[in-house]
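Working notes, structure below.
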2 protein chains.
Amino acid sequence: MITDPSLGLRDRKRLETRARLEEAAVTLVLRDGLEQTTVDAISDLADVSPRTFFNYFDSKDSAILGLREIDITAGLLADTIDRAAADGLVDAVVHLILDVMGAPLTRSTIKEDRMEIVRRHPHLLAGQLAQFTQLAAQLTEAVQVLLARDPRYAGQNEADRAASADVVLSLCGGAVRAAVKEWAADAAAVSARFDTASTSHRLEFRAISLAREVLDKLS
Amino acid sequence: MITDPSLGLRDRKRLETRARLEEAAVTLVLRDGLEQTTVDAISDLADVSPRTFFNYFDSKDSAILGLREIDITAGLLADTIDRAAADGLVDAVVHLILDVMGAPLTRSTIKEDRMEIVRRHPHLLAGQLAQFTQLAAQLTEAVQVLLARDPRYAGQNEADRAASADVVLSLCGGAVRAAVKEWAADAAAVSARFDTASTSHRLEFRAISLAREVLDKLS
DNA sequence: TTGCGGCAACGCAAAGTTGCAGTTGCGCAA
DNA sequence: TTGCGCAACTGCAACTTTGCGTTGCCGCAA
């Protein structure tokens, strides 16, 4: 239940509805399977109309993963800039992607259930990751900001920087996707209990290694 | 009309049906606009049922672009390997992507009409490019073959090579996407007549530059 | 307290997409 | 030449997704 009094009734209801939809989606998928779970059923369980479902989520998959519209806060961007200065651009961007895409997996109250679902249906995450470029002009924008503060890209004009940002994002996104793929294959095989926080770190570490390796060998 | 006598009636009919669908799609989109053109209308004009439409194409967009199932022939793979040896991995992969994705744009008989449509609706190509990773396990496989023949990746085991291939593909795919974005923005602004062959070359050149630049600056 | 602007939920309709099952007819071998 | 297997085509139903127009109610200001 959401009780933050700083929000008006309207916003509280909105948050509650979203939470109900997320929980309904996860519950039904665990109970009936991914294919068997329809948007209608999720909406029913959450007590809203199917039309409303799509006012909250872009797709069934988004609801299951609990992805909300990407919103890169000033704080997150600042952290990313710091990270870029400390560890380099690749580390920062990989971290940013995982933070934005993976937050519901590692920080939600139903994260264990979500992890279980993702483990059983790796294409869920992979699919979102494949699309994330188009979903998130914001990410490109954030990377552009990073590039603008990078001396190596100082001479570039706006347009070139946008293009470069796309490529950097694609590289890092690919690394994350590859890391997730491995993790899903591993998790399916090993099926060991795992702790979500450490999983997130392992993913980040692996993604960064992969990206760096390619940079290393191809340049 | 398809008249190659080496094919049986069955195959000839199949090719004809596909051609009719492609042409119907392009014709109707040019006449009525992208949104106004429905799968039903395309199927009608091509004299098949809407259900059959989806036996030939994954989506309306694919039909408009004339994308067929990706099939990397032995010849194409050999060419790509040669190119990798001569100009490097990035050049080869970028070329491969453009060849696979762009063939219908540069080699089809209705290419001018297609180019016109892509110019008016850049998201068509961008969308396909965004999805191409998942569509094309074959591309990943091809890149894996390239990596296997690359001395820098000689020490890697199968699994690591698969991951690296994903990242390389993502990098090059991003570069192509960025190049296409620029081209679309340009073409929309300039709206000049242009020659499809040289467009393809310019795209390839620009994509390679972008990829190399990122490799250069980030490593 | 009342009235108003706007957002949220909703129903409806249309389009895209996919699985299933039945029919037809090509291609091949006996 | 005949018969069989398989692939293509089809209709149908279900599901996902989106646009549009309507209704009701929250939040704010007079």
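Here, each number is a calculation from the coordinates, and none is a lab measurement. Bear in mind the structure is a predicted one, so any value in this text is a computation, not a measurement. Glycine also receives a Cβ, built like all others from the backbone with ideal geometry; neighbour counts cover every protein chain displayed.
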If R₀ is 56 angstrom, what is the calculated FRET efficiency for the pair B:Thr52 and A:Asp79, using the beta carbon separation as r and rounding to 0.05?
0.60
Averaged over A:153-164, number of beta-carbon atoms from partner chains that fall within 10 Å:
3
Any idea what the A:Thr52 label distances to the other copies are, label 7 Å down the Cα→Cβ vector, nm, shortest first?
4.5
Contour minus Cα-Cα span, A:Ala86 to A:Asn157, at 0.36 nm per residue, comes to 23.1 nm
With a ≥ b ≥ c the root eigenvalues of the C-alpha gyration tensor of region B:2-105, is it rounded (a/c under 1.5), prolate (a/b larger than b/c) or oblate?
oblate
If you average the alpha carbon positions of region A:201-219 and of region B:115-151, how far apart do those two centres end up, in angstrom?
21 Å
A student applying the Cα gyration tensor rule (rounded when a/c is under 1.5; otherwise prolate if a/b is larger than b/c, oblate if not) would label region B:74-218 prolate
Build a GNM of chain B with springs between Cα atoms under 10 Å: which of B:Ser62, B:Ser198, B:Ser43 gets the top mean-square fluctuation?
B:Ser198
Under 8 Å for C-alpha pairs, at least 6 residues apart: give me the relative contact order for region A:74-218, rounded to a whole percent.
31 percent
Residues B:Met101, B:Met115, sorted so that the one with the fewest Cβ neighbours within 10 Å comes first:
B:Met115, B:Met101
By Cβ neighbour count within 10 Å, fewest first, A:Ser49, A:Ser108, B:Ser164 rank A:Ser49, A:Ser108, B:Ser164
From the label point of A:Gly127, set 7 Å along Cα to the beta carbon, how far off in nm is each other copy's matching point, shortest first?
1.6
Considering only B:Pro122, B:Pro151, B:Pro104, give the residue with the highest GNM mean-square fluctuation for chain B, with springs between Cα atoms whenever their separation is below 10 Å.
B:Pro151
Could you tell me which of B:Ala165, B:Ala154, B:Ala41 has its Cα farthest along the dipole of the protein assembly as shown towards the positive end, charges placed at Cβ (Lys, Arg +1; Asp, Glu -1), taken about the Cα centre?
B:Ala41
A student applying the Cα gyration tensor rule (rounded when a/c is under 1.5; otherwise prolate if a/b is larger than b/c, oblate if not) would label the protein assembly as shown oblate
Name the residue, out of B:Ala86, B:Ala162, B:Ala136, whose mean-square fluctuation peaks in a Gaussian network model built on chain B with Cα pairs under 10 Å.
B:Ala86
Based only on other Cβ atoms within 10 Å, what is the fewest-to-most ordering of B:Arg161, B:Arg10?
B:Arg10, B:Arg161
Taking a label point 7 Å from Cα toward Cβ, how far is B:Asp32 from its twins in the other copies, in nm, shortest first?
3.5
Average partner chain C-beta neighbours within 10 Å, per residue of B:123-129?
1
Cα extents of region B:9-65 along the three principal axes, largest first (Å):
34, 18, 17
